[in-house]
Amino acid sequence: MKKIFRVVPPAVGLLLLSVPMFAHHGTNISYDQKNPVTLKGVMTDFNYKNPHPQLFFDVTDASGQVTHWAGEVAPTPFTLSQNGWGKARSLEALKAGTKITITLGPSRAGTPIGVVMKIFNEKGEEILDQRAGEQ
């Protein structure tokens, strides 16, 4: 009986601790990656932080109306740096004013946010391709 009390509470605790991890990684619940959108915009900010970097950019439509977008970069900063995109390089490539073409899985709620899939700079050079696993 004592053995059960030593094993069961820690097991239940580990199970409860794992629930937020699964909730956090429910990307397909929040974003529609099966119907990506590609936008042309101008970077306004890039936050290279855990657990996922975030970028902010403005998209101007044909009538001149500006929509402020936000994108979540799924790889962690550690993964980005392991693939050559450390903080300094990322901040330089995505600094405010940089023109980008970005493909993202848009929010299922219809808000101007999404999970980033691909980013190209103004010259057409690929900055990030999440679907290929290359950063």
Positions within region 91-126 being in a strand (DSSP E or B) and among the polar types (S, T, N, Q), in sequence order: Thr101, Thr103, Ser107, Asn121
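I need the full set of residues from region 64-79 which are among the hydrophobic types (A, V, I, L, M, F, W, C) and out of contact with any Gly (no Cβ under 7 Å at 6 or more places or on another chain), in order please. Let's see the steps before the verdict.
Initial filter on region 64-79 (among the hydrophobic types (A, V, I, L, M, F, W, C)): 66, 69-70, 73-74, 78.
Val66, Ala70, Val73, Ala74, Phe78 - these are the residues of region 64-79 that are among the hydrophobic types (A, V, I, L, M, F, W, C) and out of contact with any Gly (no Cβ under 7 Å at 6 or more places or on another chain).
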Pair list, Cβ under 7 Å, 6 or more apart: region 40-57 residue touching a residue at least 40 places away in the same chain (Cβ under 8 Å) and surrounded by fewer than 20 Cβ atoms within 10 Å (Cβ to Cβ), other residue among the polar types (S, T, N, Q) and part of a strand (DSSP E or B): Lys40/Thr101
Options Ala70, Ala93, Ala109; residue that is among the aliphatic types (A, V, I, L, M), under 13 Å from Asn47 (Cα atoms) and modelled with pLDDT under 95: Ala93
Condition check for Pro75: modelled with pLDDT under 80, surrounded by 11 or more Cβ atoms within 10 Å (Cβ to Cβ) and not in a helix (DSSP H, G or I): yes
Among (1) modelled with pLDDT under 90; (2) farther than 15 Å from Val37 by Cβ; (3) touching a strand residue (DSSP E or B) at 6+ places or on another chain (Cβ under 7 Å) - the single one Arg131 does not satisfy: (2)
Residues that are within 14 Å of Asn50 (Cα to Cα) and not small (Gly, Ala, Ser), drawn from region 60-81: Glu72, Val73, Pro75, Thr76, Pro77, Phe78, Thr79, Leu80
Sole exception among (1) at pLDDT 95 or above; (2) outside any strand (DSSP E or B) for Val42, by number: (2)
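The values are calculated or read from the model by the stated rules, or taken from the named source; none is laboratory data. This structure is a prediction, so every number in the text was calculated from the model and none was measured. Glycine gets a Cβ as well: all are built from the backbone with ideal geometry, and neighbour counts include every protein chain shown.
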